[in-house]
Amino acid sequence: MCGIVGYVGSKSADNILLNGLKRLEYRGYDSAGMAIVEDGHISTRRAKGRVTELEQILAEQPLKSTMGIAHTRWATHGKPSVKNAHPHVDASGRLALVHNGIIENHRSIRSLLEGKGIAFQSDTDTESLVQLIGYFYKESGDLTGSLQRALRDVQGTFGIALICADQPGRIIGARRGSPLIVGVGDGEFVIASDGSAIVEHTSQVIFLKDNEMVELSDGRYEISTMDAEPIQAQVDTLELTLEEIEIGSHEHYMHKEIFEQPQSLANCLAGRLDLQAGEVVLGGLSEVQREIANCKRVLLFACGTAWHAGLVGEYLFEELSFTPAEVEYSSELRYRNPIIEEGTIGIVLSQSGETADSLAALREIKRKGATVFGIVNVVGSSIARETDAGVYLHVGPEIGVASTKAFTAQVAVLTMMAIDMGRRRYLSHARAEELLKELHQIPGKVEKVLALEDQIRKITAKYVDRNNWLYLGRGVNYPVALEGALKLKEISYIHAEGMPAAEMKHGPIALIDEDMPVVVVAPKDHTYDKVLSNIEEVHTRQGRIIAIATEGDTRLSELAEEVIYVPQTSPLLSPLVTTIPLQLMAYHAALMRGQNVDKPRNLAKSVTVE
Ligand code: G6P
């Protein structure tokens, strides 16, 4: 949440920073701002709303410099407004700061400084930090020392970039809990919350670790701890290409990412399925074979869409690995007292690898002695680095705020992990081989579902004016129902509930009338007959049934207003195909309602606050 970017070098900074903000806008878009040092003083431009608003202001009142910092905000403390937009400047006007994270003790810092006569200009937590640095700086004149002192006093999380009017050509960055990456160019640096703001300038990067800071000036970088201990940093190569983050011929990133799924799933599976041997090859788990063999319980945890994938994982591990498995919301796990016995493997799922609740839960259960594996998309992200081992999704950057291709890849990775663990137990070679062959065919089947876009769009158009939807599924398709409902509500703002099909009769059935679309995920599996009974119950109450069915099914068309047929696959793998029509329905519903598909209100792609 919130994106920060800074540039120092010999080029004009404004466009580099603006483009960086556009790349980072998925992290929040409540306001945007930029600050530079010119003629010995700080100049800022700030705007409420999207980066394009800031762009317009800059067109009229340009900021010209070869250095600067910029920010795109997802509001936590202080409503979206110009005064709350970053960069924030201290009382002397000599320092400007951009910040991603939350300063938890901002109230006490603020009242302390207000007591000393410092007047605050905004309602943000961030301003307390820049005012505190400014307060120490006024006393000492030592910028780095003042920052270090202030960071010792603040509680909470931060990824920051700081500039000072007295030291043009210098940016200081620091992180604790929020990501920060330094792009190392030829005599220039780009510092940013993620690689997408850096990749068009350089692929050489340093991933700052927690409690590290970096000083960028005179074409040199210096990394140290916050206690001024120098650190020999490793320069990595960014695994990201410009093409991957361009929208191409699609109107929206979400559409691009939905349609990438045949390829992204193929990439995710590539080199990992040994069809002959009936085995899975997961390089990232090669060092933890003993832990997998001794595993007695799997504890999955995640947030949002990744949690839905985790719920599919619960079924997969029980069914294929014969191992007790449960999924927990990261935010709940960390505040419970989870009992971690010997043989517990934690699995954290996160597209971004930066979700604050998941990171905190990971640390908590590691502290309690669990081995934790990550299923992460962003290479080198905090969760990827802090887990004991893991499997990357390899689906390329996901930019649309509503997660699509990451979900299907998370389910694919969980399937591979469950088969891998199962083969050390009772999963037969024949069953594993059959599942792996099916898995191998999934990208082609997803392609077939995508070809139904036109039909799905027409069905969606018939119901798009309805304000309440139900999504039902059983077994592995219960999480798919949850995910379908989440997709619809997050981008079209239509109220939708997902639930296990059988639970409907314990309450929600009271809502059903002829106005309510009820999406039922009903592929042919061992729950099919029961789901059919649930569909009858909806039909009797005149609910409008939209069924997701297996090709060749003849019974559903008698009860459902609409049937979308997906290719047959192994029941356990069916979420990989049944999810696709629900993604497309949500996408088209949002478009038809005139909503901003890629940047839904109030949401951010990467939630780096707790
Ligand atoms: C946010 C996003 C969701 C995502 C969730 C978890 O809420 O809007 O799309 O599923 O965070 O994100 P992660 O990066 O940990 O998968």
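Take every DSSP beta bridge whose two residues both sit in the chain, then give the antiparallel share in percent to the nearest 5.
Values: 63 of 105 bridges.
Expressed as a percentage, antiparallel bridges in the chain total about 60.
For the stretch 452-597, count all C-alpha to C-alpha pairs, find those more than 25 Å apart, and express that count as a whole percent of the total.
When all Cα pairs of the stretch 452-597 are counted, 17 percent exceed 25 Å.
Using the Cα gyration tensor of the stretch 552-606, with a ≥ b ≥ c the square roots of its eigenvalues, what is the shape: rounded (a/c below 1.5), prolate (a/b larger than b/c) or oblate (neither)?
Numbers: a/c = 4.11, a/b = 1.76, b/c = 2.34.
Oblate is the answer for the stretch 552-606, as a/c is 1.5 or above yet b/c matches or exceeds a/b.
Output the relative contact order of the stretch 290-338, whole-number percent, from Cα pairs under 8 angstrom with separation of 6+ residues.
Numbers: 54 pairs, mean separation 20.6, N = 49.
Answer for the stretch 290-338 is 42 percent.
Please give the net charge around Thr540, taking every other residue with its beta carbon less than 15 angstrom from that of Thr540, where Lys and Arg add +1 and Asp and Glu add -1.
With Lys, Arg at +1 and Asp, Glu at -1, the neighbours total -3.
Separation of the stretch 572-599 and the stretch 136-194 by C-alpha centroid, Å?
Cα centroid of the stretch 572-599 versus Cα centroid of the stretch 136-194: 40 Å apart.
What is the angle, in °, between the Cα long axis of helix 453-463 and the longest principal axis of the Cα atoms in the chain? Nearest 10 is fine, range 0 to 90.
Around 90 degrees separate the two axes.
All other residues with a Cβ under 12 Å from the Cβ of Ser31 taken together, and with Lys, Arg as +1 and Asp, Glu as -1, what is their net charge? Numbers along the way, then the final one.
Numbers: positive: Arg45, Arg46, Lys48, Arg50, Arg73, Lys79, Lys83; negative: Glu25, Asp30, Glu53.
Local net charge: +4.
How much of the DSSP beta bridge set in the stretch 247-450 is antiparallel, as a percent to the nearest 5?
So the antiparallel bridges amount to about 10 percent of the total.
Could you tell me the distance between the Cα centroids of the stretch 540-563 and the stretch 79-123, to the nearest Å?
Distance between centres, Cα-based: 57 Å.
Does anyone have the angle between helix 575-592 and the longest principal axis of the chain? Alpha-carbon axes, 0 to 90°, nearest 10?
The angle comes out near 60 degrees.
For Glu342, what charge total do you get from the other residues with a beta carbon under 14 Å from its beta carbon, if Lys and Arg give +1 and Asp and Glu give -1?
Overall, the nearby charge balance is +2.
Can you give the FRET efficiency for Asp465 and Arg541, using 1/(1 + (r/R0)^6), R0 = 25 Å, r = Cβ-Cβ distance, to the nearest 0.05?
Given R0 = 25 Å and the Cβ-Cβ separation, E is 0.80.
Mind pulling the angle between the C-alpha long axis of helix 356-367 and the longest principal axis of the chain? Nearest 10 degrees, somewhere in 0 to 90.
Taking the Cα atoms of the chain, the angle to 356-367 is about 80 degrees.
With r defined as the distance between the Cβ atoms of Glu514 and Glu326 and R0 fixed at 41 Å, what FRET efficiency is calculated, to the nearest 0.05?
FRET efficiency, Glu514 to Glu326: 0.60.
Anything over 24 Å Cα to Cα? Flag those among Lys209/Lys605; Lys437/Lys605; Lys462/Lys487; Lys79/Lys405; Lys209/Lys368; Lys296/Lys437, in the order listed.
Beyond 24 Å: Lys437/Lys605; Lys79/Lys405; Lys296/Lys437.
Quick one: Karplus J couplings for the stretch 395-406, per residue in order, coefficients 6.51, -1.76, 1.60, θ = phi - 60°, nearest Hz, x for Gly and Pro?
Listing the rounded values in order: 9, x, x, 10, 10, x, 5, 6, 6, 10, 5, 5 Hz.
By a straight-distance test (C-alpha under 23 Å), which lysines pair with Lys83 as possible cross-link partners, with residues fewer than eight away in the same chain excluded?
Of all the lysines, those that pass the test against Lys83 - Cα under 23 Å, at least 8 places apart if same chain - are Lys22, Lys48, Lys64, Lys116, Lys599.
Gap in Å between the Cα centre of the stretch 13-38 and the Cα centre of the stretch 470-534?
Taking the Cα centre of each part, the stretch 470-534 and the stretch 13-38 sit 41 Å apart.
Please report the relative contact order for the stretch 288-404, taking Cα pairs under 8 Å with a sequence separation of at least 6, and give it as a percent rounded to a whole number.
On the way: 221 pairs, mean separation 27.7, N = 117.
In percent, rounded to a whole number, it is 24.
Do the sum for the chain: with -39,500 (n - 2.57) for every DSSP H run of n ≥ 4, divided by all residues, what is the mean residue ellipticity at 222 nm, to the nearest 500 deg cm²/dmol?
The per-residue figure over the chain is -11000 deg cm²/dmol.
Roughly what percent of Cα-Cα pairs across the chain reach past 44 Å?
So the pairs more than 44 Å apart make up 23 percent of the total in the chain.
We did not get these values from a lab; they are worked out from the coordinates using the rules stated. Nothing here was measured: the structure is a model prediction, and the numbers come from that model. All Cβ positions, even for glycine, are placed from backbone atoms using ideal geometry, and neighbour counts span all protein chains on display.
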